[in-house]
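The values are calculated or read from the model by the stated rules, or taken from the named source; none is laboratory data. Nothing here was measured: the structure is a model prediction, and the numbers come from that model. FYI the Cβ positions are ideal-geometry reconstructions off the backbone, even for glycines, and counts take in every protein chain you see.
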Amino acid sequence: MFKLKQQYGSVLTFVQQERLHWESTSPSEAALFTNPSDYRILFNDWPYGIDPDITHLVVWTKFLLDDDPITGFLTPEHHELIEKFVQETFCDKDGINRKDVIWFKNWKSLKSVHALEHFHVMLYQAPAEFLQRVTQSDKPLSEMVEDL
């Protein structure tokens with residue numbers, strides 16, 4: 001984190017420029033999750049200490065995902081949109097069994113990168129070729145750390 005902040009000015013700048021390769025975070029006019037340029041699936045660069053059989057991904061979005069202002073949970077509409085996206089993206093015909101996939105969106109107070117919307121997806125025993133496809137051949141930051 002220290003080196004990233006030193007080199008890029010902030011973690012946000014690093015994520016946006018080096019990981020997402022987004023010049024702009026302005027979303028298109030398309031409906032949520034219909035334009036692939038409005039979201040990106042990457043390995044979580046700061047993963048939790050979990051079982052090695054679980055792959056932790058992050059879905060970064062240029063669009064906001066609405067929270068209920070009282071509870072802090074996603075609105076039912078956006079919860080449903082994410083669930084549909086998760087099923088179509090991770091559980092399609094050659095994907096992961098739905099029972100082996102969980103997703104969640106952290107409350108604002110728990111987010112490590114506040115200025116970019118994102119949610120987490122965890123996959124149990126995901127095949128490497130599947131991960132390569134859904135992440136567009138992304139590599140976890142831990143595998144690239146020497147390059148920084």
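If you check TRP107 against the conditions, is it aromatic (Phe, Trp, Tyr), within 15 Å of the chain's Cα centre (by Cα) and surrounded by fewer than 18 Cβ atoms within 10 Å (Cβ to Cβ)? In short, yes. For region 66-79, a residue qualifies if it is on the phi < 0 side of the Ramachandran plot and surrounded by fewer than 18 Cβ atoms within 10 Å (Cβ to Cβ), and the qualifying residues are ASP66, ASP67, ASP68, PRO69, ILE70, THR71, PHE73, THR75, PRO76, GLU77, HIS79.
State yes or no: is GLY95 touching a strand residue (DSSP E or B) at 6+ places or on another chain (Cβ under 9 Å) and more than 23 Å from VAL11 (Cα to Cα)? Yes; evaluated as a whole, the condition is true for this residue. One residue stands out in region 53-64 among those that are modelled with pLDDT of 95 or more and assigned to a loop (DSSP other than H, G, I, E, B): the one that is farthest from PHE119 (Cα to Cα), namely ASP53. Candidates ILE102, ILE82, ILE50, ILE41: the one that is buried (at least 18 other Cβ atoms within 10 Å of the Cβ) and either assigned to a helix (DSSP H, G or I) or out of contact with any Asp or Glu (no Cβ under 8 Å at 6 or more places or on another chain) (or both) is ILE82.
Selection of first residues in region 120-148 that are of a type in the set (S, T, N, Q) and at pLDDT 95 or above and of second residues that are surrounded by fewer than 13 Cβ atoms within 10 Å (Cβ to Cβ) and in a loop (DSSP other than H, G, I, E, B), restricted to Cβ pairs under 9 Å at least 6 apart or on distinct chains, gives the following pairs, ordered by first then second residue: GLN125/ASP53. Of the residues making up region 1-33, those that are surrounded by 12 or more Cβ atoms within 10 Å (Cβ to Cβ) and part of a helix (DSSP H, G or I) are LEU4, LYS5, TYR8, VAL11, LEU12, THR13, PHE14, VAL15, GLN16, GLN17, GLU18, ARG19.
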